[in-house]
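Notes follow the structure.
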Amino acid sequence: MKKKLLLIPLAFIGIIVIAIVITLSSAMSIEPIMACDPIGDAHPICGWQNPEDIESLSDGRFVLVSEMGDQNGTTPGMISLLDLETETRTELYGGGATELAGDWGETTCTEVANGVFSPHGIHLSESTDSTLKLLVVQHGSRESIEMFQVIETDNA
């Protein structure tokens, strides 16, 4: 019986601690940035279309960004590159025909994604032969995971 009585006060104390943490965190929260103006030490990098996910390249200067279109397959998105030093954006891929990736991916997928490209989540991985592959969750004209080879150059 005593064990059950001890659990009730501990649970009650836990609830009070959670309530205090929530109250303090909301009191100390930073005002959200809604325009393209900096607030305090935070400043936005504007000019993006629905940025969804990012992956840093090995040099730490460049970041791959997925910019989602829509899930209806009508508004295209793209994969872009952000230069963290200059804060400039370069569009890398916005859909359309590309060549097939050879032996990558599902063997029954024999066509390229010619429709609307709408990337969501992305993941950069390195294979055993040091090839960089960008895996992209695609919600555009087809639901799929698209794979791209990433080739780093001196400029990016």
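The values are calculated or read from the model by the stated rules, or taken from the named source; none is laboratory data. For clarity, every value in this text was computed on a predicted model and none was experimentally measured. Glycine gets a Cβ as well: all are built from the backbone with ideal geometry, and neighbour counts include every protein chain shown.
Overview of results
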| item | result |
| --- | --- |
| Selection status of residue 99, loosely packed, with under 13 Cβ neighbours inside 10 Å and at pLDDT 90 or above | no |
| Residue selected from the stretch 36-63 under the condition surrounded by 11 or more Cβ atoms within 10 Å (Cβ to Cβ), without any contact (Cβ under 8 Å) to a residue 40 or more places away in the chain and among the hydrophobic types (A, V, I, L, M, F, W, C), by the criterion nearest to residue 132 (Cα to Cα) | 63 |
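Condition check ((1) within 19 Å of residue 58 (Cα to Cα); (2) touching a strand residue (DSSP E or B) at 6+ places or on another chain (Cβ under 7 Å); (3) not hydrophobic (A, V, I, L, M, F, W, C)) across all residues:
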residue: 115; (1), (2), (3): no, no, yes
residue: 119; (1), (2), (3): no, yes, yes
residue: 122; (1), (2), (3): yes, yes, no
residue: 130; (1), (2), (3): yes, no, yes
residue: 139; (1), (2), (3): no, yes, yes
residue: 151; (1), (2), (3): yes, no, no
